[in-house]
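Have a look at the structure below before the remarks.
The values are calculated or read from the model by the stated rules, or taken from the named source; none is laboratory data. Just so you know, these numbers come straight off a predicted model, no measurement behind them. Backbone-built Cβ (ideal geometry, glycine too); neighbour counts: all protein chains shown. Protein only, heavy atoms only, side chains kept; ligands, DNA and RNA dropped before computing areas. Shrake-Rupley method; radii C 1.70, N 1.55, O 1.52, S 1.80 Å.
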Amino acid sequence: MIIEAERHFTLPAPGTALQALDFVRDPARTLARLRFLRGLSAGDGEVRGELVVPLPVLGEADLPFVSRLTATPDGATLTPQALPDERAWVEVSGHAQVLEGTPPDGDRTPGRVVEVVFHFQFRAHLSIPEAQGWGGAAFEKMVRAAASRTLDRVTQELPEGIREALELQN
């Protein structure tokens, strides 16, 4: 069973565009305040951890992930790596883009405005017993719907957790 969720959001960044670039290229800092991640480690262009997701009927699932981190001229990207030997795992992909511009007319903020645009995609691979008959199919449908709602709800924490980490960098 595959369940997907996406999050796209923009956050104001305190400090300079260079500081924001350093932040998005350091996933240990960027993702540090997210409560649904466990065992986060980053190094050698790789990010590893576990997405902790409470799944109705199935209990809490620790979904491991491995993503390759690549710096881009304006930010960073995460490219998921497959974990086919795991019964349940998640692909984590995304992009962070640092934008710098002038304040809108009427804004009295001096200097340049820095924002970071984030786009994350999660694709959870879950193994459940083969559905038998209409009762099994109904159970699978119920698990799929519950897991989808749960993954979506968990990823709603992304903007707030990253905003907290971004504010702590200064």
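How many percent of the accessible area of the chain is carbon or sulfur, using a 1.4 Å probe? Looking at the chain in its full context, I get 51 percent from C and S.
Across the chain, Cα pairs under 8 Å and at least six residues apart give a relative contact order of 32 percent.
Here Kirkwood radius over Cα pairs in Å was calculated from the structure, and among (1) 18.3; (2) 16.0; (3) 17.3 it sits at label (3).
Fully extending the segment from Phe9 to Ser127 would add 39.4 nm, taking 0.36 nm per residue of separation and subtracting the current Cα-Cα distance.
Scanning the chain for trypsin sites (Lys or Arg not before Pro) that sit in a DSSP loop and have at most 14 other Cβ atoms within 10 Å, the longest stretch containing none of them is 113-170. Applying 1/(1 + (r/R0)^6) with R0 = 22 Å to the Cβ-Cβ distance of Ala32 and Gln156 gives a FRET efficiency near 0.75.
Legend: calculated FRET efficiency, Glu46 to Glu100, from the Cβ-Cβ distance at R0 = 30 Å, rounded to 0.05, equals 0.60. Accessible area per residue for the chain, computed on protein heavy atoms with a 1.4 Å probe, is 56 Å².
With r as the distance between the Cβ atoms of Phe139 and Glu167 and R0 = 30 Å, compute the FRET efficiency 1/(1 + (r/R0)^6) and round to 0.05.
Numbers: r = 44 Å, r/R0 = 1.46.
So the FRET efficiency works out to roughly 0.10.
Sort Leu126, Leu18 by heavy-atom solvent-accessible area, probe 1.4 angstrom, most to least.
The residues order as Leu18, Leu126, largest area first.
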